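Here the structure comes first, spelled out in structure tokens, and everything after it is commentary.
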Amino acid sequence: MIDENILEVKSLSKSYSVYSNLLQLEIDKKIIFKNLSFVLKFNTSLGVLGASGVGKTTLIKIVSRIEEPDSGEIILDGKNIKEYDYKEFATKLQLLFQNSFSMLNPRYKIKFLIKERVKQYFKLNNLEYNKKIINQKIEELLEITKLPKTVLDAYPYQLSGGQKQRVAILLIISLYPKIIILDEPLSALDISLQAQMLNFFLELKEKFKLSYIFITHDRNLAEYFCDNILVLHEGGSYEIK
Amino acid sequence: MTENTILKIENLNVSFKLNKKIFYILRDININIHKKEKIAIVGESGCGKTTLANTILLLNDEVITDYSGNLEFFSTKGCCKKNKYELIKQHKFLSKDEIKHIRGNHISIIFQDPFNALNPVVAVGKQIDEVILNHHKEYNKKEVYNSTIKLLEMVNLKEPELVYKKYPHQLSGGQIQRICIAIAIANKPEIIIADEPTTALDADLKDSILKMLKDLVDKETSALVLITHDISIIKNYVDYIFILYLGEIIEAGKTIQVFENPLHPYTQFLLSCYVDATKKGKKLPTLPYDPINLYDKNFIFKKCIFLNRCSKKIKKCETLKPEVFKIESQKVKCWLYE
């Protein structure tokens, strides 16, 4: 199982058109990726490094089906990502954004936000649920993410930075995905919180046999956290370490 | 205090009154800043770094803020009648013009978020012009334009004439931060406060911005107060470090000494939780519990502020607030060094 590829990206190419200012005519093509291929093995982490503007975010968008590539294919858990319906896709792959606090609707209490997600989990897996089962599930998730029960009655603005990040991760974990894409998850946090979150990500990885794609621009962080590193360069070239 | 002192902060306390509670944000702050000196104030978010910067410029909301202690600024420019401003004692009596004269002319600030620091509907060159004109009313249009172009060149922006006409949205993050730095140094202030100048920028830009800031400060003979939460980035850029934890300076000293021999358990923790390949597979150190509330009067004035998270605490920490102990040139607020 360990050697199994959970995600395979095969000869992916993507370019954007550059338009002239005045007449909006296409004057050039900016190549983001040219024949990009890599694999993410089961229960490992792949770091994606690169300067700003090289296409780190474009890569996430393509892998998570927000954008279409020009050519190439992506195999997720043995199946082309185009063949998944969106509901099934959500149980396979989840994203944690740089500013994960924006995932939390400021108008609702945390309990409501978690409840909605848990209901979604039961619906996606065609399981029956009632109030009791949902509450049990919520308690279980709180225990995993080491959050106190008091957060349930709080609004997002009443939580500390670390707690907000944990709630965001709880929402993602509640669907039990196989891959989590972490897009610079630590850059908005203090150094002491960063260490706490890194330990937490590693714990979750072991517990749920997760695979991570870790987008960062910090080489030290990538070397600490990841098993393999994909370095993207300007103009579509890349290297894998 | 020596002749070279330009800013003297003595026993400064700042508190905010919010929702009928008093939050003791800064307590017993003592900092002396000398000419051409570069210092860094390091601490987690919520520890009062930005409040300290705002206090120096009297930018806190006067309705909710209470000050005590001394905050004195010694002008060396020779452009004003007074050589000494007692900012805290007198701030209620300083006229608006006087405060305006100090801000930007004697002490300037680079704010945390460069994207929100500029006016989106005014060309960036015009915004620099405005800062120069505010303090040099005798300049004519051409003189102002020329000084702005010179400033843009100083902050390493290519084609300054073109950049002059651009609007903030047409520039990248690094370029906008350079514009903010140009605004800060426009009137050759004696003190430049940089409040997390690199937080909103990419890692590859951080070093170049800090290096440029250091070179400019050296060139213009200003003093620099660098405020940051990232202790790792400042090593090569400042002479002194002040570690702030929940509104108190718990350790201060020369940069090299603090890095080589951190004394306070919190500083030791800060320096130990940096990651690199050598720590792979090992668990990183973390602090237990959350920081205490800043309105908990019984705790913050009677016990060590780091007590609930400290791994080296002794009995005395629970009953008495630690004094400041001097070890060589380092100062530390911890009973372990009694």
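The values are calculated or read from the model by the stated rules, or taken from the named source; none is laboratory data. This is a predicted model, so every value here is computed, not measured. So basically every Cβ, Gly included, is an ideal-geometry build from the backbone, and we count neighbours across all protein chains shown.
Among all residue pairs at least 6 apart or on different chains, which show Cβ distances below 9 Å where the first residue, located in region A:216-227, is within 7 Å of chain B (Cβ to nearest Cβ) and the second is at pLDDT 90 or above?
Hits for this filter: A:L221/A:G47; A:L221/A:F214; A:E223/A:G47; A:E223/A:I229.
If you scan region B:308-326, which residues turn out to be within 14 Å of chain A (Cβ to nearest Cβ) and among the charged types (D, E, K, R)?
Answer for region B:308-326, where residues must be within 14 Å of chain A (Cβ to nearest Cβ) and among the charged types (D, E, K, R): just B:R309.
Go over the candidates A:L170, A:L182, A:L175, A:L142 one by one and state the one that is under 15 Å from the mean Cα position of the chain (by Cα), without any contact (Cβ under 8 Å) to a residue 60 or more places away in the chain and surrounded by 15 or more Cβ atoms within 10 Å (Cβ to Cβ).
A:L170
Which of the residues that make up region B:204-223 are touching an Asp or Glu at 6+ places or on another chain (Cβ under 9 Å) and either surrounded by 20 or more Cβ atoms within 10 Å (Cβ to Cβ) or within 14 Å of another protein chain (Cβ to nearest Cβ) (or both)? It would help to see each step written out before you state the result.
First, pick out the residues of region B:204-223 that are touching an Asp or Glu at 6+ places or on another chain (Cβ under 9 Å): B:206, B:221-223.
Listed by number, the residues that qualify are B:K206, B:S222, B:A223.
What tally of residues in region B:286-307 results from selecting those that are within 14 Å of another protein chain (Cβ to nearest Cβ) and either acidic (D, E) or under 25 Å from B:Y337 (Cα atoms) (or both)?
Pass one, region B:286-307, residues within 14 Å of another protein chain (Cβ to nearest Cβ): B:286-294, B:306.
Those still in the list that are either acidic (D, E) or under 25 Å from B:Y337 (Cα atoms) (or both) too: B:286-292, B:306.
The total comes to 8.
Tell me, please, whether a residue that is among the acidic types (D, E) and out of contact with any helix residue (DSSP H, G or I) (no Cβ under 9 Å at 6 or more places or on another chain) can be found in region B:293-310.
Scanning region B:293-310, I find at least one residue that is among the acidic types (D, E) and out of contact with any helix residue (DSSP H, G or I) (no Cβ under 9 Å at 6 or more places or on another chain), so the answer is yes.
Which fully enclosed strands (runs of 3 or more DSSP E) of region B:226-338 have 1 or more residues being of a type in the set (S, T, Y) and touching a residue at least 40 places away in the same chain (Cβ under 8 Å)?
Values: elements: B:240-245, B:248-254, B:325-327, B:330-332.
It comes to B:240-245.
Only one residue in A:L202, A:L198 is within 13 Å of chain B (Cβ to nearest Cβ), crowded, with 20+ Cβ neighbours inside 10 Å, of a type outside the set (S, T, Y) and not in a strand (DSSP E or B), so which one is that?
A:L198
Just the residues that are basic (K, R) and more than 15 Å from the chain's Cα centre (by Cα), please, taken from region A:185-208. Walk me through it before giving the result.
First pass over region A:185-208, keeping only residues basic (K, R): A:205, A:207.
Correct list: A:K207 only.
Provide a single number: the residues in region B:236-285 that are surrounded by fewer than 20 Cβ atoms within 10 Å (Cβ to Cβ), within 14 Å of chain A (Cβ to nearest Cβ) and under 18 Å from the mean Cα position of the chain (by Cα).
Total satisfying the criteria: 0.
Only residues that are without any contact (Cβ under 8 Å) to a residue 60 or more places away in the chain and within 9 Å of chain B (Cβ to nearest Cβ): list them for region A:185-195, please.
We begin by selecting, within region A:185-195, every residue without any contact (Cβ under 8 Å) to a residue 60 or more places away in the chain; these are A:186, A:189-195.
Residues satisfying the conditions are A:L189, A:D190, A:I191, A:S192, A:L193, A:Q194, A:A195.
Yes or no: B:N140 under 22 Å from B:H101 (Cα atoms), surrounded by fewer than 11 Cβ atoms within 10 Å (Cβ to Cβ) and either among the polar types (S, T, N, Q) or outside the structural domain of B:K211 (by TED's automatic domain parsing) (or both)? Give the steps one after another, and end with the answer.
Details: under 22 Å from B:H101 (Cα atoms): yes; surrounded by fewer than 11 Cβ atoms within 10 Å (Cβ to Cβ): yes; either among the polar types (S, T, N, Q) or outside the structural domain of B:K211 (by TED's automatic domain parsing) (or both): yes.
Yes, satisfied.
Quick one: in region A:43-58, which of the residues that are among the hydrophobic types (A, V, I, L, M, F, W, C) and modelled with pLDDT of 90 or more is surrounded by the most Cβ atoms within 10 Å (Cβ to Cβ)?
So the first thing to find is which residues in region A:43-58 are among the hydrophobic types (A, V, I, L, M, F, W, C), and the list is A:46, A:48-49, A:51, A:54.
Add one more test, that the residue is modelled with pLDDT of 90 or more, and what stays is A:46, A:48.
Numbers: A:L46: 23, A:V48: 26.
Top of the filtered list is A:V48.
Mind checking whether some residue in region B:232-253 is among the hydrophobic types (A, V, I, L, M, F, W, C), assigned by TED's automatic domain parsing to the domain that holds B:N54 and modelled with pLDDT under 85?
Taking every residue of region B:232-253 in turn, at least one turns out to be among the hydrophobic types (A, V, I, L, M, F, W, C), assigned by TED's automatic domain parsing to the domain that holds B:N54 and modelled with pLDDT under 85.
Check region B:68-80 and report whether any residue there is without any contact (Cβ under 8 Å) to a residue 60 or more places away in the chain, on the phi < 0 side of the Ramachandran plot and surrounded by 15 or more Cβ atoms within 10 Å (Cβ to Cβ). Walk me through how you get there before you give the answer.
Of region B:68-80, the ones without any contact (Cβ under 8 Å) to a residue 60 or more places away in the chain are B:68, B:78-80.
Among the residues that remain, those that are also on the phi < 0 side of the Ramachandran plot are: B:68, B:79-80.
Pick out the ones that are also surrounded by 15 or more Cβ atoms within 10 Å (Cβ to Cβ) and you get none.
No: region B:68-80 contains no residue that is without any contact (Cβ under 8 Å) to a residue 60 or more places away in the chain, on the phi < 0 side of the Ramachandran plot and surrounded by 15 or more Cβ atoms within 10 Å (Cβ to Cβ).
Taking the condition in contact with a strand residue (DSSP E or B) (Cβ under 7 Å, 6 or more places away or on another chain), surrounded by 13 or more Cβ atoms within 10 Å (Cβ to Cβ), aliphatic (A, V, I, L, M) and over 29 Å from B:I176 (Cβ atoms), does B:L87 pass?
Yes: the conditions hold for B:L87.
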